[in-house]
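Heads up: the structure comes next, in structure tokens.
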Amino acid sequence: MSRPHPVAVFVVLAALVVGGFAFAGGRIDRTAQLGPGIGKDGRPTNPFGASEIPDASVRVPPEPALERFYTQALEWDVCQKGYDCTSLKVPLDYAKPKGRVIELSVLRVPSSGQLGPLVVNPGGPGVSGVEFAASARQVLGKPVLRNFEIIGFDPRGTAGSAPVTCVREKDLADFYPADPDPDDPAEVASFTRWTERMASGCAELSGGVAGHVTTVEAARDMDVLRAALGQERMNYYGASYGTKLGAMYAELFPEKVGRFILDGGLDVTLAHEELLLGQAAGFETALRAFVDYCIKLDDCALGDSVDAGVQRIRAFLDQGETSPLRPYGIPLTRVHVFNAITHSLYLRQFWPPLAEALTEAADGNGEDLLWLSANFEPLDNAKKPADNSDAAFYAIGCLDDPSAVEPADVPALVPRFEEASPTFGRTFAWMTTSCRAWKAKAAEPAPEIRAEGAAPIIVVGTTRDPATPYEWSVTLADQLESGVLISREGDGHTGYDVGSQCVDLAVENYLIWGEVPQDGLECQSGKVEPGKIGKIKDRDKNKPR
């Protein structure tokens with residue numbers, strides 16, 4: 001889950017090793033079944049029998065009508081950064097396989113290893129898997145890159161895969177600065193108008209695709225991709241919403257599950273309102289951790305206690321509504337401050353520049369806060385969308401779960417949300433209205449997810465994860481019949497390759513050697529001592545919008 005937005009559907013150091021690493025643990029011990037062979041060079045080989053020319057049994061479709069999709073040949077061409085790109089054909093509607101066909105964008109990062117493809121998804125929903133794969137060297141560990149070729153695909157409706165559109169470009173500039181928690185009749189009316197325009201825009205501007213972007217359909221696309229890649233079973237790393245997508249695949253195709261890592265788990269049983277409530281609490285927990293970090297710095301402007309610091313941040317948010325700073329002549333609104341703070345909580349590396357921005361704002365200079373907000377805003381300097389991730393986020397989320405609250409009923413929810421998050425609760429309460437005008441219905445209902453019969457599925461949860469609270473990973477691991485939980489004590493969103501050697505060893509030994517970590521393995525991240533406030537570097541020459 002990512003990108004908090006007023007009309008978006010919610011649902012990126014040295015390390016200490018705690019608890020050790022246990023081989024062949026977990027609820028279901030299938031290590032022998034999964035152990036790879038050893039090649040002549042002493043490196044692990046693919047245990048799933050993949051080949052350059054897919055074996056006929058690998059390409060058998062779940063039903064005969066899908067044969068032309070399961071037997072298609074991928075034609076790779078060199079593309080960006082020397083990587084290989086191709087397109088995968090899938091039916092728009094799996095109930096009508098002879099009907100409209102759409103193409104999904106796929107990118108491959110080559111490797112000299114012999115373990116074959118590792119399919120990756122960064123979450124969102126709506127974030128490009130192609131771009132994530134193209135950044136593999138920055139987001140995946142070297143042992144994984146040495147042994148797997150990395151495969152990223154843009155899920156249907158996203159980026160290069162029949163992208164959905166919900167808002168016309170000419171309307172975007174007025175849309176994104178919308179007040180995230182309206183508090184007077186005019187603001188409520190404006191907010192409500194936008195939820196209606198998003199819903200009608202998706203249906204009007206997306207040519208029928210917006211009605212076929214469910215997680216169920218994306219998971220079915222993944223199995224077509226598996227067959228086209230010549231894999232008996234799929235190896236997969238999914239983060240955030242990517243854990244839901246991976247869990248859905250495991251439910252639909254449990255016998256095709258290879259080595260699965262679900263990082264930053266999503267509780268797939270929660271409806272929209274409960275997801276938002278959980279996220280509100282998660283961001284409050286993460287905020288307090290950030291404030292605790294900041295007040296130990298040499299020049300933090302948030303006071304000398306966590307409670308005082310959180311109260312100061314609430315004052316910054318309120319100032320954006322009553323008397324905003326005007327860096328570059330641009331009002332620093334509440335939504336700017338909200339976006340700058342919440343997005344910076346995703347990665348601990350954003351904490352130093354956030355501390356600097358807040359300290360400068362306390363002195364009346366809002367330039368860095370505006371810059372941080374602009375850095376996360378999905379518009380470029382020409383006020384055009386940098387990508388379609390917000391539209392895809394909205395369409396996929398509402399099609400998966402169209403439940404919503406009417407604006408008139410939001411005030412009754414606010415106390416419960418503010419109890420979970422005194423700082424952000426009201427904003428998250430208004431997000432419950434996001435899908436109120438959504439009309440399209442999913443072509444296929446989502447099944448209950450248990451993934452009975454699947455190989456071990458590793459779920460990584462981080463204790464102070466703002467976007468996918470730790471409790472969700474605990475629940476997801478329990479929901480999956482073969483779920484194995486790894487806990488990282490630490491900050492930020494997701495747990496792999498962010499500073500915990502314990503987590504990294506557990507994940508990489510499973511992916512590469514099939515060694516199942518102990519269920520309930522507890523890991524810690526390295527302790528980072530506070531120092532001086534960090535400076536924002538490599539700022540674009542163009543000033544924020």
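Are any of the residues in segment 239-252 buried (at least 20 other Cβ atoms within 10 Å of the Cβ), in a helix (DSSP H, G or I), of a type in the set (Phe, Trp, Tyr) and on the phi < 0 side of the Ramachandran plot?
So far as segment 239-252 goes, yes, one or more of its residues are buried (at least 20 other Cβ atoms within 10 Å of the Cβ), in a helix (DSSP H, G or I), of a type in the set (Phe, Trp, Tyr) and on the phi < 0 side of the Ramachandran plot.
Collect the residues in segment 474-489 that are in contact with a helix residue (DSSP H, G or I) (Cβ under 8 Å, 6 or more places away or on another chain) and either under 16 Å from Ala286 (Cα atoms) or acidic (Asp, Glu) (or both), keeping them in residue-number order.
Once the filter is applied, which keeps residues that are in contact with a helix residue (DSSP H, G or I) (Cβ under 8 Å, 6 or more places away or on another chain) and either under 16 Å from Ala286 (Cα atoms) or acidic (Asp, Glu) (or both), segment 474-489 yields only Arg488.
For residues that are of a type outside the set (Asp, Glu) and in a loop (DSSP other than H, G, I, E, B), scanning just segment 349-368, find the one that is farthest from Gln319 (Cα to Cα).
Asn365
With respect to Ala281, is the statement that it is surrounded by fewer than 23 Cβ atoms within 10 Å (Cβ to Cβ), touching a helix residue (DSSP H, G or I) at 6+ places or on another chain (Cβ under 8 Å), over 21 Å from Leu399 (Cβ atoms) and not polar (S, T, N, Q) true?
yes
Is it the case that Ile330 is under 22 Å from Asp465 (Cα atoms) and either touching a helix residue (DSSP H, G or I) at 6+ places or on another chain (Cβ under 7 Å) or surrounded by fewer than 15 Cβ atoms within 10 Å (Cβ to Cβ) (or both)?
Spelling it out, it is not the case that Ile330 is under 22 Å from Asp465 (Cα atoms) and either touching a helix residue (DSSP H, G or I) at 6+ places or on another chain (Cβ under 7 Å) or surrounded by fewer than 15 Cβ atoms within 10 Å (Cβ to Cβ) (or both).
Quick grid of which residues meet (1) modelled with pLDDT under 90; (2) surrounded by 21 or more Cβ atoms within 10 Å (Cβ to Cβ); (3) hydrophobic (A, V, I, L, M, F, W, C):
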position: Cys166; (1), (2), (3): no, yes, yes
position: Glu169; (1), (2), (3): yes, no, no
position: Ala173; (1), (2), (3): yes, no, yes
position: Thr192; (1), (2), (3): yes, no, no
position: Gly201; (1), (2), (3): no, yes, no
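Are there any pairs, at least 6 apart or on different chains, whose C-beta atoms fall under 7 Å, with the first in segment 262-277 and among the β-branched types (Val, Ile, Thr) and the second surrounded by 19 or more Cβ atoms within 10 Å (Cβ to Cβ) and not in a loop (DSSP other than H, G, I, E, B), and if so, which?
Matching pairs, first to second residue: Val268/Lys244; Val268/Ala247; Val268/Leu476; Val268/Gln479; Thr269/Gln479.
For segment 276-311, give me each residue that is polar (S, T, N, Q) and assigned to a loop (DSSP other than H, G, I, E, B).
Residue satisfying the conditions is Ser305 alone.
Whether any residue in segment 449-458 is outside any loop (DSSP other than H, G, I, E, B) and buried (at least 21 other Cβ atoms within 10 Å of the Cβ) is what I want to check.
yes
So if I check each of Glu255, Glu273, which one is touching a helix residue (DSSP H, G or I) at 6+ places or on another chain (Cβ under 9 Å), in a helix (DSSP H, G or I) and over 19 Å from Val120 (Cβ atoms)?
Residue meeting the stated conditions: Glu273.
Here are Gly320, Gly303, Gly264, Gly329: which of them is modelled with pLDDT under 95, touching a His at 6+ places or on another chain (Cβ under 8 Å) and not hydrophobic (A, V, I, L, M, F, W, C)?
After ruling out the rest, the residue left standing is Gly320.
Going residue by residue through segment 94-105, is there one that turns out to be crowded, with 24+ Cβ neighbours inside 10 Å and part of a strand (DSSP E or B)?
Checked against the condition, which is being crowded, with 24+ Cβ neighbours inside 10 Å and part of a strand (DSSP E or B), segment 94-105 yields at least one hit.
Scan segment 402-425 residue by residue and report those that are more than 23 Å from the chain's Cα centre (by Cα), part of a helix (DSSP H, G or I) and buried (at least 19 other Cβ atoms within 10 Å of the Cβ).
Val410, Leu413
Is it the case, given these coordinates, that Ser161 is surrounded by fewer than 19 Cβ atoms within 10 Å (Cβ to Cβ) and within 24 Å of Ala247 (Cβ to Cβ)?
It is false that Ser161 is surrounded by fewer than 19 Cβ atoms within 10 Å (Cβ to Cβ) and within 24 Å of Ala247 (Cβ to Cβ).
Every residue, every condition in (1) within 24 Å of Pro254 (Cα to Cα); (2) outside any loop (DSSP other than H, G, I, E, B); (3) of a type outside the set (Ser, Thr, Tyr), yes or no:
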| position | (1), (2), (3) |
| --- | --- |
| Thr462 | no, yes, no |
| Pro466 | no, no, yes |
| Trp472 | yes, yes, yes |
| Leu485 | yes, yes, yes |
| Arg488 | no, yes, yes |
| His493 | no, no, yes |
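Which residue pairs have Cβ atoms closer than 8 Å, lie 6 or more positions apart in sequence or on different chains, and pair a first residue in segment 390-418 that is at positive phi with a second residue that is modelled with pLDDT under 95 and charged (D, E, K, R)?
Here the result reads none, with nothing in segment 390-418 linked to a residue that is modelled with pLDDT under 95 and charged (D, E, K, R).
Among the residues of segment 53-79, write down those that are over 16 Å from Arg108 (Cβ atoms) and either in a loop (DSSP other than H, G, I, E, B) or of a type in the set (A, V, I, L, M, F, W, C) (or both).
Ile53, Asp55, Ala56, Val58, Val60, Pro61, Pro62, Glu63, Ala65, Leu66, Phe69, Thr71
The values are calculated or read from the model by the stated rules, or taken from the named source; none is laboratory data. Here the structure is a predicted model, which means the values were calculated and not measured. Cβ coordinates were reconstructed from backbone atoms using ideal geometry, including for glycine residues, and neighbour counts include every protein chain displayed.
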